[in-house]
Amino acid sequence: MIMVEESEPGPSGDAKPAGNVPWIEKYRPHEFADIVGNEDTVARLEVFSRNGNVPNLILAGPPGVGKTTTILCLARLMLGPAFKSAVLELNASNERGIDVVRNKIKTFAQTQVTLPRGRHKIVILDEADSMTDGAQQALRRIMELYSNSTRFALACNTSEKIIEPIQSRCAMLRYSRLSDAQLLAKLLRVCELEQVSYTDDGLEAIVFTAEGDMRQGLNNLQSTFRGFGHVNSENVFKVCDEPHPMLIKDMLTHCAKADIDEAYKIMSHLWRLGYAAEDIITNVFRIVKHHELAEYLKLEFLKEVGYTHMRIAQGETTLLQLSALLARLCRAASGLAAS
């Protein structure tokens, strides 16, 4: 394996490992063909890159699904050697005030750059939904004034926080979470390149903790491997510090049998381990969705878990609140069994 100073795309599209850099950067795709998931959205951007005249864009979706990566691929393909001078990338969660828009962005838009015919400078704003209303209003005006030379790509988690005047000036591209199969395929590829020792349940745990977030998955994989030298489910949940799904599954099985005493033993054990109520209830919800329960019982469980999650979000984060959930689940199970 050839070592290079910076991350470069290899023959298969994966970056060749560089020095001690995070794997999320070493294996960041450099071409559209290497991007995992959201195929329809990526295909639209690929058409834009071929035609040249890219509109202003809003890329909305959960974190770690490739929003910024696809825009960088688009910019590289369109601008070629002029990429470094013709692209301005800002993280709006840090630089979100009106001064940044008036100074950095406006100055960049005014700068003269020699580009191929039909190409434009590109401003990439990550976390654009964190920008203040004043900054967004100023940005709206700049988008109008410099439309002949500059295009804007706004990446955000929720497009509703972008003001209507900007939304109306942009093409909207929506991203969804990656599937478990897509995550697993990428993780297996990275394990092969990095010679990672792993077990099947270890990769299953990585996929479970990532929740469709490629960045989270690669970070968890690297952290577990660097910390323990071997990726198995026990090590993954130690690194990610999440309640073990098997414990939660056993607890729910006891609830389905209306066995409150055994269910409470597991809940109190999780509480003594120091897990927050938010972490416990989140994992309970995820396990209930895939638990082998009768459909009507699963719906009752989901309803009760949802009510408890709402109370915890309002600040009632006590063991008593979680214990009351177990009691309601057991009551639902016993009531439905009796009927």
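The values are calculated or read from the model by the stated rules, or taken from the named source; none is laboratory data. Since this is a predicted model, take the numbers as computed values, not measurements. Every residue, glycine as well, gets a Cβ built from its backbone with ideal geometry; the counts of neighbours run over all protein chains shown. Heads up: the accessible areas ignore ligands, DNA and RNA and are worked out on the full protein's heavy atoms, side chains in. Shrake-Rupley method; radii C 1.70, N 1.55, O 1.52, S 1.80 Å.
Figures for the structure shown
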| quantity | calculated |
| --- | --- |
| Given (1) touching a strand residue (DSSP E or B) at 6+ places or on another chain (Cβ under 6 Å); (2) at pLDDT 85 or above, index of the condition residue 129 fails | (2) |
| Residues that are hydroxyl-bearing (Ser, Thr, Tyr) and over 18 Å from residue 189 (Cβ atoms), drawn from region 224-259 | 233, 253 |
| Residue 267 at pLDDT 90 or above and over 24 Å from residue 237 (Cβ atoms) | no |
| Subset of region 170-222 (residues that are among the hydroxyl-bearing types (Ser, Thr, Tyr) and more than 17 Å from the chain's Cα centre (by Cα)) | 197, 198, 199 |
| Subset of region 46-65 that is in a loop (DSSP other than H, G, I, E, B) and closer than 12 Å to residue 158 by Cβ - its residue that is least open to solvent (accessible area, probe 1.4 Å) | 61 |
| Options 10, 66, 19, 52: the member that is among the small types (Gly, Ala, Ser) and at pLDDT 80 or above | 66 |
| Residues satisfying the stated conditions in region 135-175, i.e. open to solvent by less than 50 Å² (accessible area, probe 1.4 Å), over 15 Å from residue 98 (Cβ atoms), of a type outside the set (S, T, N, Q) and in a helix (DSSP H, G or I) | 165 |
| Total residues in region 104-134, condition of a type in the set (Ser, Thr, Tyr), open to solvent by 40 Å² or more (accessible area, probe 1.4 Å) and either touching a helix residue (DSSP H, G or I) at 6+ places or on another chain (Cβ under 9 Å) or within 20 Å of residue 58 (Cα to Cα) (or both) | 3 |
| Residue list for region 176-199, restricted to those being without any contact (Cβ under 8 Å) to a residue 12 or more places away in the chain and part of a helix (DSSP H, G or I) | 181, 192 |
| Residue pairs meeting the criteria (Cβ under 8 Å; at least 6 apart or on separate chains; first within 12 Å of residue 60 (Cβ to Cβ), in region 143-157; second at pLDDT 80 or above and of a type in the set (Lys, Arg)) | 155/67 |
| Residues that are under 22 Å from residue 41 (Cβ atoms) and either open to solvent by 30 Å² or more (accessible area, probe 1.4 Å) or among the β-branched types (Val, Ile, Thr) (or both), drawn from region 176-200 | 176, 177, 179, 180, 181, 182, 184, 185, 189 |
| In region 213-231, the residues that are crowded, with 18+ Cβ neighbours inside 10 Å, outside any helix (DSSP H, G or I) and touching a Phe, Trp or Tyr at 6+ places or on another chain (Cβ under 9 Å) | 231 |
| Failed item, numbered, when residue 28 is tested on (1) open to solvent by 60 Å² or more (accessible area, probe 1.4 Å); (2) at pLDDT 85 or above | (1) |
| Yes/no for residue 72 being at pLDDT 85 or above, buried (at least 16 other Cβ atoms within 10 Å of the Cβ) and assigned to a strand (DSSP E or B) | no |
| Matching residues, region 109-134, being over 17 Å from residue 88 (Cα atoms), outside any loop (DSSP other than H, G, I, E, B) and either out of contact with any Lys or Arg (no Cβ under 9 Å at 6 or more places or on another chain) or touching a residue at least 40 places away in the same chain (Cβ under 8 Å) (or both) | 133, 134 |
| Residues of region 33-44 that turn out to be crowded, with 18+ Cβ neighbours inside 10 Å and more than 20 Å from the chain's Cα centre (by Cα), as a count | 0 |
| Count of region 84-103 residues which are open to solvent by 20 Å² or more (accessible area, probe 1.4 Å) and at pLDDT 80 or above | 5 |
| Residues (touching a Ser or Thr at 6+ places or on another chain (Cβ under 8 Å) and either assigned to a helix (DSSP H, G or I) or among the β-branched types (Val, Ile, Thr) (or both)) located in region 35-45 | 35, 41, 42, 45 |
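Per-residue answers, yes or no, for (1) without any contact (Cβ under 8 Å) to a residue 24 or more places away in the chain; (2) closer than 17 Å to residue 301 by Cα:
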{"position": "242", "(1), (2)": "no, no"}
{"position": "246", "(1), (2)": "yes, no"}
{"position": "249", "(1), (2)": "no, yes"}
{"position": "256", "(1), (2)": "no, yes"}
{"position": "259", "(1), (2)": "no, yes"}
{"position": "264", "(1), (2)": "no, yes"}
{"position": "269", "(1), (2)": "yes, no"}
{"position": "274", "(1), (2)": "yes, no"}
{"position": "279", "(1), (2)": "no, no"}
